[in-house]
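Working notes, beginning with the structure itself.
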Amino acid sequence: MRRIEYIVIHCTATRDDATVEAIQGYWRAVLGWRNPGYHFLIDKAGQVHRLAPLEKVTNGVRGYNHSSIHISYIGGAGGEDTRTTAQKASILNCIREVIQTLGYQPVIQGHRDFPGVKKSCPNYDAVSEYSWITV
Ligand SMILES: [Zn+2]
(Lines give C-alpha, C1' and ligand atoms only; values in the text may rest on other atoms or scores of the structure.)
Protein backbone atom coordinates (compact mmCIF):
# COMPACT_ATOMS: atom_id res chain seq x y z
CA MET A 1 0.00 0.00 0.00
CA ARG A 2 1.27 3.48 -0.85
CA ARG A 3 1.79 5.93 2.00
CA ILE A 4 -1.39 7.96 2.50
CA GLU A 5 -0.97 11.37 4.12
CA TYR A 6 -4.36 12.91 3.32
CA ILE A 7 -8.01 11.98 3.26
CA VAL A 8 -9.45 14.71 1.06
CA ILE A 9 -13.11 15.71 0.99
CA HIS A 10 -14.69 17.05 -2.21
CA CYS A 11 -17.95 17.99 -3.82
CA THR A 12 -18.60 17.39 -7.52
CA ALA A 13 -19.78 21.01 -7.99
CA THR A 14 -22.73 19.65 -9.96
CA ARG A 15 -26.44 19.41 -9.31
CA ASP A 16 -27.13 16.94 -6.56
CA ASP A 17 -29.01 14.68 -8.96
CA ALA A 18 -26.08 14.25 -11.36
CA THR A 19 -25.50 10.57 -12.04
CA VAL A 20 -22.30 8.66 -11.35
CA GLU A 21 -22.22 7.69 -15.05
CA ALA A 22 -22.45 11.31 -16.18
CA ILE A 23 -19.68 12.37 -13.81
CA GLN A 24 -17.41 9.53 -14.96
CA GLY A 25 -18.23 10.31 -18.57
CA TYR A 26 -17.15 13.91 -18.05
CA TRP A 27 -13.80 12.80 -16.61
CA ARG A 28 -13.13 10.48 -19.53
CA ALA A 29 -14.53 12.46 -22.45
CA VAL A 30 -13.94 16.08 -21.44
CA LEU A 31 -10.94 15.91 -19.14
CA GLY A 32 -9.36 12.85 -20.80
CA TRP A 33 -8.68 11.15 -17.48
CA ARG A 34 -7.91 7.44 -17.36
CA ASN A 35 -8.38 7.26 -13.62
CA PRO A 36 -11.43 8.46 -11.73
CA GLY A 37 -11.45 11.75 -9.81
CA TYR A 38 -12.20 10.10 -6.46
CA HIS A 39 -12.10 6.77 -4.69
CA PHE A 40 -15.55 7.22 -3.19
CA LEU A 41 -18.47 9.08 -4.75
CA ILE A 42 -21.55 9.52 -2.58
CA ASP A 43 -24.93 10.18 -4.11
CA LYS A 44 -27.81 12.18 -2.67
CA ALA A 45 -29.32 9.09 -1.05
CA GLY A 46 -26.02 8.40 0.70
CA GLN A 47 -25.13 5.42 -1.44
CA VAL A 48 -21.36 5.00 -1.72
CA HIS A 49 -19.99 4.27 -5.19
CA ARG A 50 -16.47 2.84 -5.04
CA LEU A 51 -14.69 4.01 -8.15
CA ALA A 52 -11.17 2.85 -7.37
CA PRO A 53 -9.36 0.65 -4.83
CA LEU A 54 -7.38 2.59 -2.22
CA GLU A 55 -4.07 1.45 -3.77
CA LYS A 56 -4.92 3.24 -6.97
CA VAL A 57 -4.14 6.94 -7.49
CA THR A 58 -7.12 9.12 -8.43
CA ASN A 59 -7.32 12.71 -9.67
CA GLY A 60 -8.62 14.78 -6.76
CA VAL A 61 -5.90 17.37 -6.08
CA ARG A 62 -3.08 18.06 -8.52
CA GLY A 63 0.30 17.39 -6.93
CA TYR A 64 -1.05 15.43 -3.96
CA ASN A 65 -2.76 12.43 -5.51
CA HIS A 66 -0.02 9.93 -4.80
CA SER A 67 -0.47 10.45 -1.08
CA SER A 68 -4.24 11.00 -0.97
CA ILE A 69 -7.56 9.19 -0.75
CA HIS A 70 -10.41 11.23 -2.23
CA ILE A 71 -14.01 11.20 -1.05
CA SER A 72 -16.69 13.30 -2.77
CA TYR A 73 -20.39 13.96 -2.37
CA ILE A 74 -22.50 14.63 -5.45
CA GLY A 75 -23.70 18.22 -5.33
CA GLY A 76 -22.21 21.52 -4.26
CA ALA A 77 -23.32 23.57 -7.26
CA GLY A 78 -22.98 27.32 -6.81
CA GLY A 79 -20.54 26.99 -3.95
CA GLU A 80 -23.26 25.73 -1.60
CA ASP A 81 -22.96 22.96 0.94
CA THR A 82 -25.79 20.77 -0.36
CA ARG A 83 -24.99 17.62 1.63
CA THR A 84 -27.97 15.58 2.71
CA THR A 85 -28.04 13.94 6.13
CA ALA A 86 -27.41 10.62 4.39
CA GLN A 87 -24.38 12.02 2.56
CA LYS A 88 -22.94 13.42 5.77
CA ALA A 89 -23.23 10.01 7.41
CA SER A 90 -21.71 8.23 4.41
CA ILE A 91 -18.75 10.60 4.21
CA LEU A 92 -18.05 9.83 7.85
CA ASN A 93 -18.34 6.09 7.23
CA CYS A 94 -15.88 6.32 4.34
CA ILE A 95 -13.39 8.28 6.45
CA ARG A 96 -13.69 5.69 9.22
CA GLU A 97 -13.24 2.83 6.77
CA VAL A 98 -10.11 4.36 5.26
CA ILE A 99 -8.56 4.94 8.69
CA GLN A 100 -9.35 1.37 9.71
CA THR A 101 -7.92 -0.04 6.52
CA LEU A 102 -4.73 2.00 6.82
CA GLY A 103 -4.29 1.42 10.53
CA TYR A 104 -3.37 5.07 11.08
CA GLN A 105 -5.02 8.43 10.67
CA PRO A 106 -3.91 10.71 7.85
CA VAL A 107 -4.70 14.44 7.82
CA ILE A 108 -8.40 14.94 6.99
CA GLN A 109 -9.11 18.12 5.04
CA GLY A 110 -11.03 19.62 2.17
CA HIS A 111 -9.77 20.19 -1.34
CA ARG A 112 -9.75 23.93 -0.64
CA ASP A 113 -7.34 23.48 2.28
CA PHE A 114 -4.39 22.64 -0.01
CA PRO A 115 -2.00 25.47 -0.86
CA GLY A 116 -2.80 27.40 -4.01
CA VAL A 117 -6.31 25.98 -4.47
CA LYS A 118 -8.77 28.62 -5.63
CA LYS A 119 -11.88 26.42 -5.45
CA SER A 120 -14.28 26.38 -2.50
CA CYS A 121 -14.60 22.57 -2.73
CA PRO A 122 -16.14 20.90 -0.71
CA ASN A 123 -18.02 24.07 0.34
CA TYR A 124 -17.68 23.44 4.09
CA ASP A 125 -14.91 23.41 6.66
CA ALA A 126 -13.83 19.77 6.63
CA VAL A 127 -10.89 20.42 8.97
CA SER A 128 -13.09 21.52 11.84
CA GLU A 129 -15.96 19.16 11.03
CA TYR A 130 -13.73 16.10 11.40
CA SER A 131 -11.27 17.43 13.96
CA TRP A 132 -12.79 15.24 16.67
CA ILE A 133 -11.96 12.01 14.83
CA THR A 134 -9.16 10.01 16.39
CA VAL A 135 -7.88 6.50 15.73
ZN1 LIG B 1 -12.46 19.00 -5.08
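The values are calculated or read from the model by the stated rules, or taken from the named source; none is laboratory data. The shown structure was predicted, so the numbers you read here are calculated from the model rather than taken from an experiment. Methodologically, a virtual Cβ is constructed for each residue, glycine included, from the backbone with ideal geometry; neighbour enumeration extends over all protein chains shown. Protein only, heavy atoms only, side chains kept; ligands, DNA and RNA dropped before computing areas. Shrake-Rupley method; radii C 1.70, N 1.55, O 1.52, S 1.80 Å.
Quick notes
- The set of residues in the stretch 95-135 being open to solvent by less than 50 Å² (accessible area, probe 1.4 Å) and more than 15 Å from the ligand (Cβ to nearest atom) consists of Ile95, Val98, Ile99, Leu102, Pro106, Tyr130, Ile133.
- Residue match in the stretch 28-40 (condition: within 16 Å of the ligand (Cβ to nearest atom) and under 16 Å from Phe114 (Cβ atoms)): yes
- Once the stretch 63-76 is narrowed to residues that are within 12 Å of the ligand (Cβ to nearest atom) and under 13 Å from Asn35 (Cα atoms), the residue that is least open to solvent (accessible area, probe 1.4 Å) is His70.
- Of all residues in the stretch 18-31, those satisfying the criterion of being open to solvent by 50 Å² or more (accessible area, probe 1.4 Å) and outside any loop (DSSP other than H, G, I, E, B) are Glu21, Ala22, Tyr26, Arg28, Ala29.
- Residues of the stretch 1-21 satisfying the condition of being away from the ligand (no atom under 14 Å from the Cβ) and either more than 17 Å from the chain's Cα centre (by Cα) or closer than 30 Å to Ser128 by Cα (or both): Met1, Arg2, Arg3, Ile4, Glu5, Arg15, Asp16, Asp17, Ala18, Thr19, Val20
- Selection within the stretch 1-17 - hydrophobic (A, V, I, L, M, F, W, C), part of a loop (DSSP other than H, G, I, E, B) and buried (at least 18 other Cβ atoms within 10 Å of the Cβ): Ile4, Ala13
- Among the residues making up the stretch 111-135, those that are under 19 Å from Ser67 (Cα atoms) and free of Cβ contacts under 8 Å to residues at least 12 places away in the same chain are Arg112, Pro115, Gly116.
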